[in-house]
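S.K.: Just passing along the structure, written as structure tokens.
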DNA sequence: CGCGGCGTTGACGATGGTCAATTTTCGTGG
DNA sequence: CCACGAAAATTGACCATCGTCAACGCCGCG
């Protein structure tokens with residue numbers, strides 16, 4: 001019914017299997033718009049990960065605007081396309097990357113989206129695990145091994161604040177796709 | 001530059017990692033339109049899996065038509081949305097399902113898309129594996145175990161022609177997502 | 001014929017999952 | 001403010017699923 005824009009905080013959207021296994025499709029951070037992806041039926045469940053403020057937009061009014069204004073309609077299309085791109089990249093990660101590669105890719109993604117070297121990850125290890133198709137123990141171990149390798153540091157007393165020491169070396173852990181042939 | 005519609009045959013579109021690991025994002029069968037997903041740069045490589053005939057559409061002319069005709073533009077949006085839905089479901093499969101569950105889900109998807117009980121899979125075991133995030137050996141073993149369980153039968157020595165004996169029982173191997181809470 | 005591609009199957013091993021113990025953090029209420 | 005309990009995170013030991021490596025069969029094609 002609505003489309004949302006995160007003002008601040010973080011939101012996860014996910015799917016469940018009947019026995020409770022969860023796959024988080026995306027995290028939505030400050031500025032992100034979500035809820036867009038739906039046709040009519042909602043296909044994802046969205047929950048706040050931390051205290052979050054979001055702006056509400058009536059889907060209906062958006063569709064009206066899109067119907068009349070080609071620019072709005074174009075922006076809508078390009079936002080959905082971005083979602084699709086993200087999903088495509090994430091399929092590659094889920095289908096073909098190892099645990100450390102996934103965690104490295106995740107850190108690079110978050111780093112890229114938040115801007116600063118010092119990141120504060122709003123989500124728990126379990127959330128990260130369900131995003132990456134791993135268990136939280138494996139995520140924890142991967143982070144520890146990256147810390148031991150010296151590419152990142154946990155900042156005082158809060159293992160959610162992470163400092164990237166060497167982005168280049170971190171990127172070496174994540175084999176990005178080459179130019180497609 | 002172009003958008004394609006498969007007349008008959010089958011196409012795979014995939015991404016690669018630098019060391020050659022491959023993730024197939026989708027198979028395009030007769031009737032399917034693909035190449036749509038792109039912004040400007042192509043993000044997937046597409047190859048025919050078997051002898052294939054496809055229709056070409058100039059992207060430019062499609063965009064022109066979409067800009068002037070709201071119906072075309074709407075159809076375009078809903079096709080991309082379908083792609084996105086598929087990618088979302090596939091993330092759940094890749095992140096959270098076991099080998100047999102993946103293969104069962106794949107068979108159900110193909111069955112659903114081709115219509116008949118008797119399916120002929122145009123792609124090799126390796127293609128299936130790269131679609132499901134597995135190895136071809138694991139795919140082969142999963143198929144064998146489903147055959148031993150009696151839910152399917154190989155119809156030819158080629159093992160590409162498959163007969164589904166019991167769709168219900170096959171579906172039991174694939175834990176679909178419940179109504180999202 | 002023999003060779004190469006595809007598929008199946010077995011033996012073995014590694015990556016990541018499971019289970020459990022421990023520590024730190026944090027929220028709540030005395 | 002401190003104490004307590006719950007939640008989050010780390011770490012270790014063990015194990016299962018799936019990947020790796022290898023052998024083999026079956027066809028099609030030169």
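The numbers here are math on the coordinates, done by the rules we state, and not lab data. Keep in mind that this is a model prediction, so the values were computed, not measured. So basically every Cβ, Gly included, is an ideal-geometry build from the backbone, and we count neighbours across all protein chains shown.
S.K.: List the distances, in nm to one decimal, from the label point of residue A:48 to the label points of the same position in every other copy, shortest first, placing each label point 7 Å from Cα along the Cα-to-Cβ direction.
M.R.: 5.5
S.K.: Does anyone have the angle between helix A:136-148 and the longest principal axis of chain A? Alpha-carbon axes, 0 to 90°, nearest 10?
M.R.: Once rounded, one gets 50 degrees.
S.K.: At what distance in angstrom do the alpha carbon centres of the stretch B:109-181 and the stretch A:107-181 lie from each other?
M.R.: The distance from the Cα centre of the stretch B:109-181 to that of the stretch A:107-181 comes to 36 Å.
S.K.: Separation between the residue B:176 and residue B:30 pseudo-spin-labels, each 7 Å from Cα along Cα→Cβ, expressed in nm?
M.R.: 2.5
S.K.: Relative to the other copies, what are the label-point distances for residue B:172, with labels 7 Å from Cα along the C-beta vector, expressed in nm at one decimal and sorted shortest first?
M.R.: 5.2
S.K.: Between the helical axis of B:70-96 and the dominant principal axis of chain B, each derived from Cα atoms, what acute angle in degrees is found, rounded to the nearest 10?
M.R.: 30
S.K.: Arrange the peptides A:122-135, B:113-126 so that the one whose residues have, on average, the most other Cβ atoms within 10 Å appears first.
M.R.: Values: A:122-135: 20.6, B:113-126: 15.0.
Those peptides, ordered most packed to least, come out A:122-135, B:113-126.
S.K.: Taking a ≥ b ≥ c as the square roots of the Cα gyration tensor eigenvalues, with a/c under 1.5 meaning rounded and otherwise prolate when a/b beats b/c, else oblate, which class fits the stretch B:98-172? Working shown, then result.
M.R.: Working: a/c = 1.32, a/b = 1.20, b/c = 1.10.
Taking the square roots of the gyration eigenvalues as a ≥ b ≥ c, the stretch B:98-172 is rounded.
S.K.: Kindly identify the protein assembly as shown as rounded, prolate or oblate by the Cα gyration tensor criterion: order the square roots of the eigenvalues as a ≥ b ≥ c, call it rounded if a/c is under 1.5, otherwise compare a/b with b/c, prolate if a/b is larger, else oblate.
M.R.: Values: a/c = 1.65, a/b = 1.18, b/c = 1.39.
It is oblate, given that a/c is not under 1.5 and a/b is not larger than b/c.
S.K.: Additional query: Based on alpha-carbon centroids, what's the gap between the stretch B:11-38 and the stretch A:37-87 in Å, whole number please?
M.R.: Measuring centre to centre over Cα atoms gives 25 Å.
S.K.: Modelled label-to-label distance, residue B:124 and residue A:161, 7 Å Cα→beta-carbon offset: nm?
M.R.: Result: 5.4 nm between the two label points.
S.K.: Using a label point 7 angstrom from Cα along Cα-to-C-beta, what distances in nm, from shortest up, separate residue A:98 from the other copies?
M.R.: Copy-to-copy label distances for residue A:98: 2.5 nm.
S.K.: How big is Rg to Rh over chain B, alpha-carbon atoms, Rh as the Kirkwood inverse-mean-distance radius? Before the final figure, lay out each step's value.
M.R.: Values: Rg = 17.6 Å, Rh = 17.7 Å.
With Rg and the Kirkwood Rh in hand, the quotient comes to 0.99.
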